[in-house]
Structure formats: C-alpha cells, structure tokens
1. Going through region A:93-106 one residue at a time, which ones are surrounded by 12 or more Cβ atoms within 10 Å (Cβ to Cβ) and outside any loop (DSSP other than H, G, I, E, B)?
2. Take the residues in region A:59-89 that are in contact with a strand residue (DSSP E or B) (Cβ under 8 Å, 6 or more places away or on another chain) and assigned to a helix (DSSP H, G or I); name whichever of them is farthest from residue A:288 (Cα to Cα).
3. Report whether or not residue B:86 is away from chain A (no Cβ under 14 Å) and in contact with a helix residue (DSSP H, G or I) (Cβ under 9 Å, 6 or more places away or on another chain).
4. Kindly provide the set of residues from region A:399-455 that are more than 10 Å from chain B (Cβ to nearest Cβ), in contact with a strand residue (DSSP E or B) (Cβ under 7 Å, 6 or more places away or on another chain) and part of a helix (DSSP H, G or I), ordered by number.
5. Considering (1) within 22 Å of residue A:47 (Cα to Cα); (2) away from chain B (no Cβ under 14 Å); (3) free of Cβ contacts under 8 Å to residues at least 60 places away in the same chain, say which one residue A:394 fails and leave the rest.
6. Among the residues of region B:416-455, which ones are within 14 Å of the chain's Cα centre (by Cα) and under 19 Å from residue B:361 (Cβ atoms)?
7. Can you say whether residue A:73 is in contact with a helix residue (DSSP H, G or I) (Cβ under 7 Å, 6 or more places away or on another chain) and without any contact (Cβ under 8 Å) to a residue 60 or more places away in the chain, as far as the supplied structure shows?
8. Taking helices (runs of 4 or more DSSP H) that fall entirely within region A:134-249, which contain at least 3 residues that are without any contact (Cβ under 8 Å) to a residue 40 or more places away in the chain, buried (at least 21 other Cβ atoms within 10 Å of the Cβ) and assigned by TED's automatic domain parsing to the domain that holds residue A:124?
C-alpha cells in the first residue's frame, strides 16, 4: 500500500507542484498590475495628449514616437520600428446633413465613412429609399433606386448576448452598402450607425468600393437620426435627404509598427507576441479602440519585468499600425516575420475594448486549444471562464498562415458599441480596474504559454 | 439490442426533453428582455423623477406609491403593501470641512455618515490622529487620542478581484470607527471613503454607536481628500481638521415594503421571491443601489407574463424598504411570512448593481446548491459562470431562518464602488443592456426554480 502511495506521489507531485507555482505567480501578476499598474496613466497620455491616430495623420506619427520612447524607458531589451505604407484618408470639414420634408428641415448627425469620396462641393440632395437588406435593394432595382440616396437601416440585433455577433450581422451595410447602392444608380448611401442602443453620435468605420462601380459618397447616421429618418419617410415618402462631406484619400503614407522585446533565456528563437493597434479613427481619442490594447500590451512586458521574470521564449509587445482601414501593419508584421525566418508560436491581441475580462478566443490546432483549455482552473479565479475556440484578432490574423496560434482577448462586450468609432471613445470611458484586469489576464496567459508551450 | 435502445430512450428522453425545453424558454426570456425590456425606462423614472429615497423621506414614500401603481398597471394578480417602521435620519445642511495647516486652509469634500450625530453648531476643529486599524488606535490609547479627531485611512485593497471583498476588509472603519474613537476620548471620526479608486466624491453609508460610549460626529472624506490629509499630516503633524454637519435622527417613520405577486397554478402555497431594496441614500439617485434591483425584479414578473408563462409556484417581486440603515423591510417581510405561515422555497436578491451578469451566490443546503449548480450549462451561454456557494442578500437574509434558499445575483463588481453611496449613483451610470441582462438572468433562475424546485 505504501509503495502505491509513493508511486502515486511521484506520478502526481511534479504537475501539482507546477500548477501550484503557476497559481502563485499568476496571483503575483494580478497583484502587481492592480496595485502598481501603469497602463491607465499611459493611456491617459496616449488619448488626451496625443489623441486620435488615424493612419497617415500627425497623431499616428506622434503615437509611434511616444510608444517607442515609452518602451525604451521601460528598459525592454530591444525596441524597434517596422516600416509600412498605409492608406491616408482625411475627413475634411465637418459634415452637414438634414432631412427636408415639405418646408421642415431636421438636422441629423452623420459622419463620413472611412474611405468614402466627398459629395459635390455643394452637397447632394435626393429622395430616399430605405432598405434593411441588400436583397430588398435588388428587388427594388434600378427603376426605384436611380438618382436616390439609399438608406440602409438594419439595426444590430439586441438579442445577441455578445454584441460582436450583432455587429457581424449588420456591418456589411457599412462595408459594402455604397457599392450595392451604386450598382442601381444611387447617388449616395446613408448607413445606420453600428450601435445596439439609440444615441445621437454617428459611428464611423471603414467601407470599400468594388471595382467597376461608380464611387458614391457614403456616411453613417446616428441611430436616433436613423429612427427619425425612417419615421419621417413613413409620413412623407417624397422627402429628401441632404448631405455634404469633403473627405478624400491622399497618397499612401509611410508609417510604422512599434515593437518592444524581452529576449528569451532558453528558447530565444520562439516568439510570443502580445499586441493591439496603435491607429484609431479620427473621431474621439481611440481609447477602447484600441489605445487600451496597446497600453495593456506594454504593461504585460512591464509587469513580467517588474516581477523579475526571465521568459524562456522571446516576448514582444507589438503596436500594430493601420488596423482600421487597411491592416497594413498586421500584414507587414507577418511578412517581416516570414522573411526573417522568425518562429512565432503564439500571438495574443486585445482589440475588443478595455472592459472587464471574460476569457480568450483561440484559433489554432486541436492540441493547442486543448493545452490552453487545460489552464482554465488557473484563470477562473480571475473571471476568465470563456476560454475556447473563437477569434484571434485582425492584426495577428496574418500570422496564422505560418502556424502561429492566435488568442483573442475577450472582455465583456456589452458597452463596446456605445463608444466604437465615435467621439465618445475617450479616456473617460475607461475604467482603471477593468483595463488593468485585462492587462493582467493577458500577462497570465502569456506567462503560461511561455512556461509550458502549446504542444 | 433494440429493446436496450428503447429502454435507454425511455430513461433519458424525459430529462433531455426538459433540458431542451428549458434552454428554449430561457432563450425566449432573454429575447423578450433585450428586445422589449422595460426596466431601463422604469429606472429612469425612479431615479430622475423620484430621485433619492432614504427611509422616512418624501422620496421613499413617492417610490412606494409609484412602484405599487407600476405593478398594478402591469396587471399582476395582487399588489400590496407591508407596513414597517423605519429609522428617519436626515443630513441637514451641506457639510463643511477643511484642513488647516499653519495659515493654509484646504477644503476637502466630506459627507456625514448615516446615523451620525451633528457637530456643535459652529463645527468642531481639532488635531488629527491617523490610523489604519483599530489595533493602531488602541496602541495610541487615550493619551494621544483624547480631544483629537481620529482619521481612519485604511484603503480598500485594490488587489482583490471582487471589489466586495475589498469592501468587507475596510468597512468596519465606517461602521464602528466613531465608537472606537470615542472610547479613547476623540471628538470626531473621519473615515476614508469606501472606494477602490481615487476621486473627489465622498461615499456615505451607515454607522452605529455602541451603547455606553459618547456619540461623536463622524463623516466620510473622499479618497483624494484622504490622500491629501495624510500627506499634509506628514508635513505638519500639528495641523487641525474642521468639520461641521447638522444631521439628526428624527422619530421612526411609517413606511412599506411593496409586493407584487403572480399566483402559482400548481403549488400556489410555495413562494419564490425576487427583490431589491427601494430605499437609497440621500446622495445621488440610488440607481445602482438599488433602483436597479427593484426595476429588474418587476421586470422578471413582467417578462414571464409577457411570455404567457403560468408559474407553478407563486412568484413575488418585493421592493424592500430600509436596507441601507436598519433592514426593517427585510426583517418585517420575514416576520409577515412567518406569521402568515407562508412557505418561501427561494428568494433571489439583486443588490450589487445593474452591471453585466456573472452568476449567483447561493445560501442553502448542499442539495439545494447542487440542484442550482446542475443548471450551469443552461445559464453559461448568457455569461453566468459563477454559480455556487456565496452570499444571498441583506433583505432576503432574514428568510434563511425559515429554511428559504437564498440566491444573490452577482453582477461584475469592478465599477460598483465608483458609484456606491455617492452623488454619482445616477441614471447615467446605468448601461441599458447590462441592466437588462441582469433582469433576464434573474428571470431565468426563477423560472428554473419554479419548474424544477430545489429538491
């Protein structure tokens, strides 16, 4: 009996000891982050001192310079830039827009969609056709659409528990609405803002034109504005909509990913990335999208360094450029990695807001997923219950081709679309503890991958 | 072989069918609540039209009248009041306070603690003794404390993941600080606000005097004020603190619990309660604490009614009075239940804010806990992962004596102490979806208890 006990002890003591050591170190990670965290004050600087950071803008360049300095000051082993060419779209003067029904003019808030062309200098005014789907538009056909402004008014579905699912179900209107409308001869496309609730702020975002279709101007209207327009259309189908915007696409600009690195002590050639994207839309301050993810990523390396942790693998914080309207940073990073023969075993991205942590979505092999899911009990005490197959992140996506396992940090999604791509995405929208818990969660996951690998 | 299959089918089909029916109905609960929820607009009225509702105040009475009407309008089977006598404390004029160091006066924001006596009409000014624990105070003893103001400055521990744990570790300063200080001859007690972060708003809350000790005035100072006072004390230990407050305790007042009921169709004598407390502190509007819980509870009954659900058991929404400074409503409700020979099988309380749902804490027998935990897979798709032993709720607490199983709704705790007992606890601090998800979670749990019981 004794021998069996000894045998059992030998069998189980090693992993139990490791599990316990992991548990203790993860507790230290949270303690350091919650008691002496720096992400919140860094984010204050990035959002309030630097502000919006659309690719190609002066703000984006300032953010590149400042985050490079920040990581240098934190004493990471190596900090470097990766040059990428990025689209350079500018909004121009503030948009104007109103609904004209009989003698009544009703102003409604709009924001040009990123990538859209301008209206004629004097604006465009036309009758309005409201649709909820592309199929409806097709059924109306050119006869009823030609010369009109198409109003895409399908709301995000409020019954989806995860708001990103609701976003996925509506965002084609923003991305492709103008192209579909132009096919049938429309002169403009107005898209209901991607928001679950009703508010007065327009939500911008990227759109693209398919080739061979006329480029017509397109803008997002606030959800309350959309409700108003829809209601007035019912009362007077002959009303007109006016809008004026002067946005334009300038020549591509030179920009950079910013990379900070702590070199691995045992397997320096295996790299683990943690990142977010440094660019933001030009409205607001890009606080949740995605200043949070960037500052959390720098915090991951700072915390490990502060705890005296020597990573086995090389760990990198990457501030990707141009997620919003081109993904040139993410594509460029994967290219550099491939050309440099670098082996990235895992990449973690935070680009769903600085909210309270829920878990991680995983893109990888079955055994990588199983390995990560075996850590559930270590992470559950910190509210990380949703660890399983999911999505990684736009910027780290291109690394998947080379077999990198992707981990998308999954904060609570309920408030994200209150701020997303709007003037409301400001520092004040960030809760310090929520931001810090996200950073600590990313640190804990990175630590486990570094310690145990994914195979 | 066939026979075995049939036998297996017979064995398993009933529970599988039930599980599936539950899953479908719970989905309907969330759909109804998220697409046509009313709790948010009701809460707007309760907070913005009625406002603060401290026990004994005109606001509390208005809230009683309005919630009674609301439940009558919703057509519940029976709506009634339960009379209770409640403490009636009033704040009086706005408090004044400053730190005086040499010739320099620094104003700092304070709020009298609920139950405190007033200062002398001209205020009180005295030297300050700062402590972090009662033990420190004891060690100083009367020699160093007599004639002074004791400043209790132990912060909530930011490294606790659940902020309620941090609250539990600090709140004795607020509850009993004045009593401890008075024992050693202090003339006042100033307590660091119960907040994890640093801000400029004082957090009020209840305190009590032990018998046989002089009643000295006590107030909460904002966390930034506390940091300032601590810093200035280091520079000048001889500084003085001045404060003036005119609060008083009036004779007990008559008030009410408000109860709405849908009668059970199969076991009407078994009652399931869902509730929150209708009273609030006099600062702010009592939005998270606890207008949310009240409006969510009414929504639970509305949603089940809207879905045409006929409960087996009798279900009640209870708006408890006087949770904040006496618990007379909770005690009274349990008394009425006992005297009426009512059998309460379960009670659910929402009094931790209208934030995104995490789970339920359970107080009950092992088998009741096991039964509730067997529903985990039905609730996990809605973010409810934390279902297990925990705390129920102050108002439903007294029901435990009669064997009622208690369920404390557990929303995410990160932001709660940004608002708790302050002027910032206003309607604007509520996110519609988070509030609704909470209501739907409570409805789903109540539905499962009603369908399957707890044994």
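1. A:96, A:97, A:98, A:99, A:100, A:101, A:106, listed by residue number.
2. Among those residues, the one meeting the criterion is A:72.
3. Here the answer is yes, as residue B:86 does meet what is asked.
4. Of everything in region A:399-455, those that are more than 10 Å from chain B (Cβ to nearest Cβ), in contact with a strand residue (DSSP E or B) (Cβ under 7 Å, 6 or more places away or on another chain) and part of a helix (DSSP H, G or I) turn out to be A:399, A:400, A:402, A:438, A:441, A:442, A:445, A:446, A:449, A:450.
5. Every condition holds for residue A:394 apart from (3).
6. B:416, B:417, B:420
7. no
8. Numbers: elements: A:134-145, A:163-168, A:172-183, A:223-235.
Fully inside region A:134-249 and qualifying: A:172-183.
The values are calculated or read from the model by the stated rules, or taken from the named source; none is laboratory data. Just so we're clear, the structure is a prediction, and the values are computed from it rather than from any experiment. Counting neighbours? That spans all protein chains shown, and the Cβs are built from the backbone with ideal geometry, glycine included.
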